[in-house]
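Colleague: Please see the structure below; I have some questions.
The values are calculated or read from the model by the stated rules, or taken from the named source; none is laboratory data. Keep in mind that what you see is a predicted model, and the values were worked out from it rather than measured. We place every Cβ from the backbone using ideal geometry, glycine too, and count neighbours over all the protein chains shown.
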Amino acid sequence: MNTGRRHSGAAPAARRILCAGLALGLCSCGRRAERTAPEEEVVARVGGHRITTAAFKAAMARRGGRAPEVFHKPANKHALLDELIRTEVLAQTARERGYFDDPQIRAAINRTIVRRLEQDVLEAAQDQLTVTPDAVEAYYRKHAERFGIPEQVRVAFVHVRVPALVTETKRGELRARAETAREKALELPAVIKDFGQVAAEYSDDIPTRYDGGRTGWLTKGSGDYRWDEHVLEAVFALETPGAIGQVLTGEDGFYVFRLIERKDRRMLPLDQVKHNIRRQILQEKRRALLDAFFEESRAQIQVAVNTNLLEAIEPPHASEPGSGPAAGGSGPPALPTP
């Protein structure tokens, strides 16, 4: 059995503020309920439901938004009232037909109420949801690994392809070809930063052989490149631009790499990420506040879980053709999955 427990922290203050507001609202509602509203305060009656002037004014405020003058026209007020009546008529009809007893609909209503409750909790605790520049900078320093750009290199390479089925003699000849390509690259003029004509003559990589074997920027740790891991390690081990590594053996042949340019690992500037950091901190504060509010609320409500029964419940199976509400089954149609 799982039971709730009391939680100290941010929640009590938020809870007291929220509960005070709810209490005032409930008391106010209670006083109104104790007397019968004069007929002139009821704009319309739909069954046992009353659309009061207060409810109608609230609806006008919601619909009017930034253009409340739209309801200066009597026709628009009548149209709004018709809409409210239509909604209430259909809601009462749905209730009579058992829609409000449908588990999915009850769950959807609960989710809507919970979202509103959480919104009120957060609004009541705005003073706890401030994020100062100092907090942003401290988060930036503490989580430096999140805001760093990994080491990057640009290289050129020569690829001597080795077929899947090849004799050892032929493999030796292909390795000698890769060694020759490396030797010729070492003789290239200093102004040539890649493999130049050597790539065109020796490389089997069609996309790069006529561009000196050049690649784009490679980011360390991305793990999304076609070369074997040990090949990549050797590539990032090249330190000086112009350096040419030894011949490497990959799954599909032999490689020779030359470093063109390198960028060491560096941090993104704080100014570039501070807005994202502030949003992250705010999100964490909100989640902590709501979690604390939940724990305190749960401590007031007895919760019991039958673990054995839970584990014995069979998971759902794929619906068979011709079954379910869409096929004419009983009950209201299923709600869309949120």
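Colleague: Among the candidates Glu284, Glu295, which residue alone is outside the structural domain of Thr180 (by TED's automatic domain parsing) and either under 19 Å from Arg146 (Cα atoms) or aliphatic (A, V, I, L, M) (or both)?
Modeller: Glu284
Colleague: Which condition number in (1) assigned to a loop (DSSP other than H, G, I, E, B); (2) at pLDDT below 95 is the one that Gln246 fails?
Modeller: Every condition holds for Gln246 apart from (2).
Colleague: While we're here: Going by the conditions given, is Ala138 of a type in the set (Gly, Ala, Ser), under 30 Å from Pro207 (Cα atoms) and either in contact with an Asp or Glu (Cβ under 9 Å, 6 or more places away or on another chain) or in a helix (DSSP H, G or I) (or both)?
Modeller: no
Colleague: In segment 250-284, how many are of a type in the set (A, V, I, L, M, F, W, C), out of contact with any helix residue (DSSP H, G or I) (no Cβ under 8 Å at 6 or more places or on another chain) and assigned to a helix (DSSP H, G or I)?
Modeller: The total comes to 1.
Colleague: Here are some residues: Arg95, Arg62, Arg106, Arg111. Which one is farther than 18 Å from Glu41 by Cα and at pLDDT 95 or above?
Modeller: Arg111
Colleague: Follow-up. Of (1) among the hydroxyl-bearing types (Ser, Thr, Tyr); (2) surrounded by fewer than 19 Cβ atoms within 10 Å (Cβ to Cβ); (3) in contact (Cβ under 8 Å) with a residue 40 or more places away in the chain; (4) touching a Phe, Trp or Tyr at 6+ places or on another chain (Cβ under 9 Å), Ser222 satisfies all except one. Which?
Modeller: (4)
Colleague: Scan segment 234-256 and give yes if some residue there is within 30 Å of Leu129 (Cβ to Cβ) and not aromatic (Phe, Trp, Tyr), otherwise no.
Modeller: no
Colleague: Have a look at Asp252, Asp264, Asp194 and point out the one that is crowded, with 17+ Cβ neighbours inside 10 Å, touching a residue at least 60 places away in the same chain (Cβ under 8 Å) and acidic (Asp, Glu).
Modeller: The match here is Asp194.
Colleague: I'd like to know if segment 121-128 contains one or more residues that are under 30 Å from Gln280 (Cα atoms), outside the structural domain of Phe293 (by TED's automatic domain parsing) and part of a loop (DSSP other than H, G, I, E, B).
Modeller: Within segment 121-128 (the criterion being under 30 Å from Gln280 (Cα atoms), outside the structural domain of Phe293 (by TED's automatic domain parsing) and part of a loop (DSSP other than H, G, I, E, B)), the answer is no, since none of the residues qualifies.
Colleague: Which residues, taken from segment 43-65, are of a type in the set (A, V, I, L, M), surrounded by 14 or more Cβ atoms within 10 Å (Cβ to Cβ) and either out of contact with any Phe, Trp or Tyr (no Cβ under 9 Å at 6 or more places or on another chain) or outside any helix (DSSP H, G or I) (or both)?
Modeller: Correct list: Val43, Ala44, Val46, Ile51, Ala55, Ala59.
Colleague: Separate question: Filter segment 285-338 for residues that are aliphatic (A, V, I, L, M), assigned to a loop (DSSP other than H, G, I, E, B) and under 30 Å from Ala125 (Cα atoms); which is modelled with the highest pLDDT?
Modeller: Filtering first and then ranking leaves Ile301.
Colleague: Any residue at all in segment 134-149 that is surrounded by 15 or more Cβ atoms within 10 Å (Cβ to Cβ), within 27 Å of Tyr225 (Cα to Cα) and not polar (S, T, N, Q)?
Modeller: Yes - at least one qualifying residue is present in segment 134-149.
Colleague: In segment 289-309, what residues are among the aliphatic types (A, V, I, L, M) and over 12 Å from Glu118 (Cα atoms)?
Modeller: Selection gives Ala299, Ile301, Val303, Ala304, Val305, Leu309.
Colleague: I would also like to ask the following. Output the residue which, of all residues in segment 90-106 that are loosely packed, with under 12 Cβ neighbours inside 10 Å and within 35 Å of the chain's Cα centre (by Cα), is farthest from Phe294 (Cα to Cα).
Modeller: Asp101
Quick grid of which residues meet (1) at pLDDT 95 or above; (2) more than 30 Å from Val273 (Cα to Cα):
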{"site": "Asp127", "(1), (2)": "no, no"}
{"site": "Asp134", "(1), (2)": "yes, no"}
{"site": "Lys142", "(1), (2)": "no, no"}
{"site": "Arg146", "(1), (2)": "no, no"}
{"site": "Phe195", "(1), (2)": "yes, yes"}
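Colleague: Another question, if that's okay. Could you tell me how many of the residues in segment 66-89 are surrounded by 11 or more Cβ atoms within 10 Å (Cβ to Cβ) and free of Cβ contacts under 8 Å to residues at least 24 places away in the same chain?
Modeller: 10
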